[in-house]
Amino acid sequence: MLRVAIDGPGGTGKSTIAKAVAERFGLEYIDTGAMYRALGLKALRNGVDAADEEAVRGMLAETSIDFVGGQTHLDGEDVSGLIRTNEISMAASNISKLAIVRAKVDEVSRHLASTKDVVMEGRDIGTTVIPDAEVKIFMTASPEIRAKRRYDQLLAAGKEADYEKIFKETQQRDYQDSHREVSPLRQAEDAVLLDTSDMTLEENIDAVADLISSITGRSA
Ligand code: DC
(Lines give C-alpha, C1' and ligand atoms only; values in the text may rest on other atoms or scores of the structure.)
Protein backbone atom coordinates (compact mmCIF):
# COMPACT_ATOMS: atom_id res chain seq x y z
CA MET A 1 0.00 0.00 0.00
CA LEU A 2 1.34 3.44 -0.91
CA ARG A 3 -0.29 6.67 0.19
CA VAL A 4 1.42 9.96 -0.61
CA ALA A 5 -0.01 12.95 1.28
CA ILE A 6 0.76 16.41 -0.12
CA ASP A 7 -0.41 19.40 1.89
CA GLY A 8 0.18 23.13 1.76
CA PRO A 9 -1.47 26.46 1.01
CA GLY A 10 -2.96 27.37 -2.38
CA GLY A 11 -0.74 28.29 -5.31
CA THR A 12 2.26 26.14 -4.35
CA GLY A 13 1.81 24.01 -7.45
CA LYS A 14 0.52 21.08 -5.39
CA SER A 15 -2.15 20.00 -7.87
CA THR A 16 0.05 20.00 -10.95
CA ILE A 17 2.86 18.25 -9.12
CA ALA A 18 0.61 15.69 -7.43
CA LYS A 19 -0.95 14.84 -10.80
CA ALA A 20 2.43 14.44 -12.54
CA VAL A 21 3.84 12.32 -9.73
CA ALA A 22 0.72 10.13 -9.67
CA GLU A 23 1.22 9.46 -13.36
CA ARG A 24 4.93 8.65 -12.96
CA PHE A 25 4.31 6.12 -10.18
CA GLY A 26 0.99 4.77 -11.48
CA LEU A 27 -0.99 6.07 -8.49
CA GLU A 28 -4.49 7.51 -8.31
CA TYR A 29 -4.58 11.30 -7.90
CA ILE A 30 -7.15 12.62 -5.42
CA ASP A 31 -7.79 16.36 -5.15
CA THR A 32 -9.60 16.91 -1.84
CA GLY A 33 -9.86 20.68 -2.46
CA ALA A 34 -12.10 19.90 -5.43
CA MET A 35 -14.63 18.37 -3.03
CA TYR A 36 -14.69 21.49 -0.82
CA ARG A 37 -14.98 23.56 -3.99
CA ALA A 38 -17.94 21.49 -5.23
CA LEU A 39 -19.67 21.94 -1.86
CA GLY A 40 -18.90 25.67 -1.94
CA LEU A 41 -20.44 25.86 -5.40
CA LYS A 42 -23.59 24.08 -4.28
CA ALA A 43 -23.95 26.37 -1.25
CA LEU A 44 -23.63 29.45 -3.48
CA ARG A 45 -26.10 28.10 -6.02
CA ASN A 46 -28.66 27.22 -3.34
CA GLY A 47 -28.17 30.37 -1.28
CA VAL A 48 -26.96 28.34 1.70
CA ASP A 49 -24.93 30.42 4.17
CA ALA A 50 -21.67 28.57 4.99
CA ALA A 51 -21.94 29.84 8.57
CA ASP A 52 -25.40 28.32 9.04
CA GLU A 53 -24.57 24.83 10.25
CA GLU A 54 -28.14 23.52 10.15
CA ALA A 55 -28.67 24.71 6.57
CA VAL A 56 -25.34 23.14 5.54
CA ARG A 57 -26.30 19.88 7.30
CA GLY A 58 -29.52 19.77 5.27
CA MET A 59 -27.58 20.41 2.07
CA LEU A 60 -25.02 17.68 2.84
CA ALA A 61 -27.75 15.11 3.39
CA GLU A 62 -28.79 15.60 -0.23
CA THR A 63 -25.35 15.81 -1.79
CA SER A 64 -23.16 13.26 -3.52
CA ILE A 65 -19.58 13.88 -4.61
CA ASP A 66 -17.67 11.57 -6.90
CA PHE A 67 -14.58 11.45 -9.07
CA VAL A 68 -15.28 10.04 -12.49
CA GLY A 69 -12.31 9.70 -14.85
CA GLY A 70 -10.49 12.43 -12.91
CA GLN A 71 -13.44 14.83 -13.12
CA THR A 72 -15.33 16.14 -10.07
CA HIS A 73 -19.00 15.24 -10.05
CA LEU A 74 -21.53 17.01 -7.83
CA ASP A 75 -24.87 15.20 -7.68
CA GLY A 76 -24.01 13.53 -10.97
CA GLU A 77 -23.04 16.78 -12.74
CA ASP A 78 -19.46 17.31 -13.94
CA VAL A 79 -18.58 20.62 -12.24
CA SER A 80 -14.81 20.49 -12.93
CA GLY A 81 -14.95 23.51 -15.22
CA LEU A 82 -16.93 25.63 -12.74
CA ILE A 83 -14.94 25.35 -9.52
CA ARG A 84 -11.63 27.07 -10.31
CA THR A 85 -12.75 30.69 -9.86
CA ASN A 86 -11.71 33.04 -7.02
CA GLU A 87 -15.30 33.18 -5.85
CA ILE A 88 -15.41 29.40 -5.45
CA SER A 89 -11.97 29.39 -3.76
CA MET A 90 -13.38 31.60 -0.98
CA ALA A 91 -16.68 29.67 -0.85
CA ALA A 92 -14.69 26.43 -0.44
CA SER A 93 -12.52 27.92 2.30
CA ASN A 94 -15.62 29.24 4.10
CA ILE A 95 -17.56 26.00 4.04
CA SER A 96 -14.47 23.92 4.91
CA LYS A 97 -14.48 25.41 8.43
CA LEU A 98 -17.43 23.27 9.47
CA ALA A 99 -16.71 19.92 11.14
CA ILE A 100 -19.74 18.29 9.45
CA VAL A 101 -18.40 19.31 6.04
CA ARG A 102 -14.91 18.02 6.84
CA ALA A 103 -16.37 14.72 8.07
CA LYS A 104 -18.13 14.22 4.74
CA VAL A 105 -15.03 14.97 2.65
CA ASP A 106 -12.84 12.86 4.97
CA GLU A 107 -15.17 9.90 4.56
CA VAL A 108 -15.01 10.03 0.75
CA SER A 109 -11.22 10.61 0.85
CA ARG A 110 -10.46 7.76 3.24
CA HIS A 111 -12.65 5.40 1.26
CA LEU A 112 -10.72 6.25 -1.92
CA ALA A 113 -7.37 5.80 -0.16
CA SER A 114 -8.44 2.40 1.20
CA THR A 115 -9.12 0.96 -2.23
CA LYS A 116 -6.09 2.17 -4.21
CA ASP A 117 -2.56 3.52 -3.97
CA VAL A 118 -2.97 7.29 -4.01
CA VAL A 119 -1.40 10.70 -4.14
CA MET A 120 -3.82 12.78 -2.10
CA GLU A 121 -3.55 16.52 -2.00
CA GLY A 122 -5.11 19.07 0.38
CA ARG A 123 -4.57 20.94 3.65
CA ASP A 124 -4.90 18.24 6.32
CA ILE A 125 -4.11 14.94 4.60
CA GLY A 126 -0.93 14.24 6.58
CA THR A 127 -2.34 15.51 9.87
CA THR A 128 -5.92 14.20 9.82
CA VAL A 129 -7.14 12.32 6.75
CA ILE A 130 -4.27 9.78 6.40
CA PRO A 131 -1.97 10.41 9.38
CA ASP A 132 -0.22 7.08 8.70
CA ALA A 133 0.55 7.88 5.04
CA GLU A 134 3.85 6.34 3.89
CA VAL A 135 5.04 9.66 2.41
CA LYS A 136 4.09 13.12 3.72
CA ILE A 137 5.13 16.33 2.04
CA PHE A 138 4.31 19.90 3.04
CA MET A 139 4.77 22.37 0.19
CA THR A 140 5.21 26.08 0.63
CA ALA A 141 6.19 29.08 -1.50
CA SER A 142 6.25 32.80 -0.76
CA PRO A 143 2.81 34.51 -0.80
CA GLU A 144 3.87 36.72 -3.74
CA ILE A 145 4.91 33.75 -5.86
CA ARG A 146 1.76 31.82 -5.00
CA ALA A 147 -0.46 34.77 -5.96
CA LYS A 148 1.49 35.18 -9.21
CA ARG A 149 1.02 31.48 -10.02
CA ARG A 150 -2.77 31.75 -9.48
CA TYR A 151 -2.81 34.89 -11.60
CA ASP A 152 -0.94 33.14 -14.45
CA GLN A 153 -3.21 30.09 -14.14
CA LEU A 154 -6.35 32.21 -14.52
CA LEU A 155 -4.93 34.10 -17.50
CA ALA A 156 -3.86 30.85 -19.15
CA ALA A 157 -7.41 29.55 -18.70
CA GLY A 158 -8.72 32.66 -20.47
CA LYS A 159 -10.24 34.08 -17.28
CA GLU A 160 -10.03 37.60 -15.89
CA ALA A 161 -7.36 38.23 -13.27
CA ASP A 162 -6.29 41.11 -11.03
CA TYR A 163 -2.96 40.42 -9.26
CA GLU A 164 -3.52 42.74 -6.27
CA LYS A 165 -6.94 41.26 -5.63
CA ILE A 166 -5.61 37.71 -5.91
CA PHE A 167 -2.73 38.54 -3.53
CA LYS A 168 -5.17 39.85 -0.91
CA GLU A 169 -7.48 36.87 -1.34
CA THR A 170 -4.54 34.45 -1.12
CA GLN A 171 -3.55 35.96 2.22
CA GLN A 172 -7.11 35.96 3.50
CA ARG A 173 -7.59 32.32 2.51
CA ASP A 174 -4.24 31.29 4.06
CA TYR A 175 -5.21 32.97 7.30
CA GLN A 176 -8.65 31.40 7.32
CA ASP A 177 -7.36 27.90 6.44
CA SER A 178 -4.59 28.04 9.07
CA HIS A 179 -6.69 29.47 11.89
CA ARG A 180 -9.88 27.44 11.76
CA GLU A 181 -10.63 25.21 14.74
CA VAL A 182 -11.05 21.91 12.91
CA SER A 183 -8.04 20.42 11.11
CA PRO A 184 -6.30 23.70 10.27
CA LEU A 185 -3.62 23.87 7.61
CA ARG A 186 -0.35 22.93 9.28
CA GLN A 187 2.69 20.81 8.62
CA ALA A 188 2.56 17.33 10.15
CA GLU A 189 5.55 16.75 12.43
CA ASP A 190 6.79 13.91 10.24
CA ALA A 191 6.19 15.66 6.90
CA VAL A 192 9.07 16.75 4.69
CA LEU A 193 9.01 20.51 4.05
CA LEU A 194 9.49 21.54 0.42
CA ASP A 195 9.81 25.25 -0.42
CA THR A 196 8.98 25.54 -4.12
CA SER A 197 9.57 29.32 -4.45
CA ASP A 198 12.71 28.97 -6.55
CA MET A 199 11.90 25.70 -8.29
CA THR A 200 10.68 25.22 -11.83
CA LEU A 201 7.78 22.84 -12.23
CA GLU A 202 10.11 20.10 -13.55
CA GLU A 203 12.49 20.52 -10.60
CA ASN A 204 9.55 20.37 -8.23
CA ILE A 205 8.17 17.18 -9.76
CA ASP A 206 11.64 15.59 -9.66
CA ALA A 207 12.10 16.60 -6.01
CA VAL A 208 8.82 14.95 -5.00
CA ALA A 209 9.51 11.85 -7.12
CA ASP A 210 12.99 11.53 -5.54
CA LEU A 211 11.47 11.79 -2.07
CA ILE A 212 8.93 9.06 -2.83
CA SER A 213 11.67 6.82 -4.23
CA SER A 214 14.02 7.36 -1.31
CA ILE A 215 11.32 6.77 1.31
CA THR A 216 9.59 3.80 -0.31
CA GLY A 217 12.26 2.27 -2.52
CA ARG A 218 9.87 2.45 -5.48
CA SER A 219 11.17 3.83 -8.74
CA ALA A 220 9.10 6.00 -11.06
O1 DC B 1 -6.60 23.21 -2.65
P2 DC B 1 -7.77 24.17 -3.06
O3 DC B 1 -7.32 25.56 -3.29
O4 DC B 1 -8.52 23.61 -4.22
O5 DC B 1 -8.75 24.15 -1.78
C6 DC B 1 -9.87 24.98 -1.71
C7 DC B 1 -10.26 25.23 -0.25
O8 DC B 1 -10.72 24.01 0.33
C9 DC B 1 -9.12 25.68 0.66
O10 DC B 1 -9.03 27.09 0.74
C11 DC B 1 -9.46 25.09 2.01
C12 DC B 1 -10.28 23.89 1.67
N13 DC B 1 -9.55 22.62 1.84
C14 DC B 1 -9.45 22.11 3.11
O15 DC B 1 -9.90 22.75 4.07
N16 DC B 1 -8.87 20.89 3.32
C17 DC B 1 -8.36 20.18 2.30
N18 DC B 1 -7.83 18.98 2.53
C19 DC B 1 -8.43 20.71 0.98
C20 DC B 1 -9.02 21.95 0.78
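The values are calculated or read from the model by the stated rules, or taken from the named source; none is laboratory data. This structure is a prediction, so every number in the text was calculated from the model and none was measured. Glycine also receives a Cβ, built like all others from the backbone with ideal geometry; neighbour counts cover every protein chain displayed.
Checking the conditions here, which among 112, 82, 98, 74 is without any contact (Cβ under 8 Å) to a residue 40 or more places away in the chain and either farther than 30 Å from residue 220 by Cβ or in contact with a strand residue (DSSP E or B) (Cβ under 8 Å, 6 or more places away or on another chain) (or both)?
Numbers: 112 fails: without any contact (Cβ under 8 Å) to a residue 40 or more places away in the chain; 82 fails: without any contact (Cβ under 8 Å) to a residue 40 or more places away in the chain; 98 fails: without any contact (Cβ under 8 Å) to a residue 40 or more places away in the chain.
Unique residue meeting the criteria: 74.
Looking at (1) at pLDDT 95 or above; (2) in contact with a Leu (Cβ under 7 Å, 6 or more places away or on another chain), find the lone condition where residue 163 falls short.
Only one criterion is unmet by residue 163, namely (2).
If we keep just the residues of the stretch 88-123 that are within 12 Å of the ligand (Cβ to nearest atom) and among the acidic types (Asp, Glu), which is farthest from the chain's Cα centre (by Cα)?
Top of the filtered list is 106.
Give the residues of the stretch 1-31 that are of a type in the set (Val, Ile, Thr) and modelled with pLDDT of 95 or more, sorted by residue number.
If we filter the stretch 1-31 for residues that are of a type in the set (Val, Ile, Thr), which is where we start, we get 4, 6, 12, 16-17, 21, 30.
Result: 4, 6, 17, 21, 30.
Give 181, 203, 164 a once-over and let me know the one that is part of a loop (DSSP other than H, G, I, E, B), loosely packed, with under 12 Cβ neighbours inside 10 Å and of a type in the set (Asp, Glu).
On the way: 203 fails: part of a loop (DSSP other than H, G, I, E, B); 164 fails: part of a loop (DSSP other than H, G, I, E, B).
Among 181, 203, 164, only 181 is part of a loop (DSSP other than H, G, I, E, B), loosely packed, with under 12 Cβ neighbours inside 10 Å and of a type in the set (Asp, Glu).
Are any residues in the stretch 14-59 of a type outside the set (Ser, Thr, Tyr) and more than 23 Å from residue 95 (Cβ to Cβ), and if so, which ones? Steps first, please.
So in the stretch 14-59, the residues of a type outside the set (Ser, Thr, Tyr) come out as 14, 17-28, 30-31, 33-35, 37-59.
Result: 17, 19, 20, 21, 22, 23, 24, 25, 26, 27, 28.
Go through (1) at pLDDT below 95; (2) of a type outside the set (Asp, Glu); (3) touching a Phe, Trp or Tyr at 6+ places or on another chain (Cβ under 9 Å) one by one and return the number of the condition residue 34 breaks.
Here residue 34 clears every test but (1).
State whether one or more residues within the stretch 33-53 are part of a helix (DSSP H, G or I), within 20 Å of residue 107 (Cβ to Cβ) and more than 14 Å from the ligand (Cβ to nearest atom).
Start the filter on the stretch 33-53 by keeping residues that are part of a helix (DSSP H, G or I), which leaves 33-46, 53.
Add one more test, that the residue is within 20 Å of residue 107 (Cβ to Cβ), and what stays is 33-43, 53.
Keeping just the survivors that are more than 14 Å from the ligand (Cβ to nearest atom) gives 53.
Scanning the stretch 33-53 turns up at least one residue that is part of a helix (DSSP H, G or I), within 20 Å of residue 107 (Cβ to Cβ) and more than 14 Å from the ligand (Cβ to nearest atom).
Among the residues of the stretch 195-220, write down those that are under 17 Å from residue 133 (Cα atoms) and among the hydrophobic types (A, V, I, L, M, F, W, C).
Result: 208, 209, 211, 212, 215.
Being of a type in the set (Gly, Ala, Ser), under 22 Å from residue 127 (Cβ atoms) and surrounded by fewer than 21 Cβ atoms within 10 Å (Cβ to Cβ): is that true of residue 5 here? Let's see the steps before the verdict.
Working: of a type in the set (Gly, Ala, Ser): yes; under 22 Å from residue 127 (Cβ atoms): yes; surrounded by fewer than 21 Cβ atoms within 10 Å (Cβ to Cβ): no.
When the stated conditions are applied, residue 5 does not pass them.
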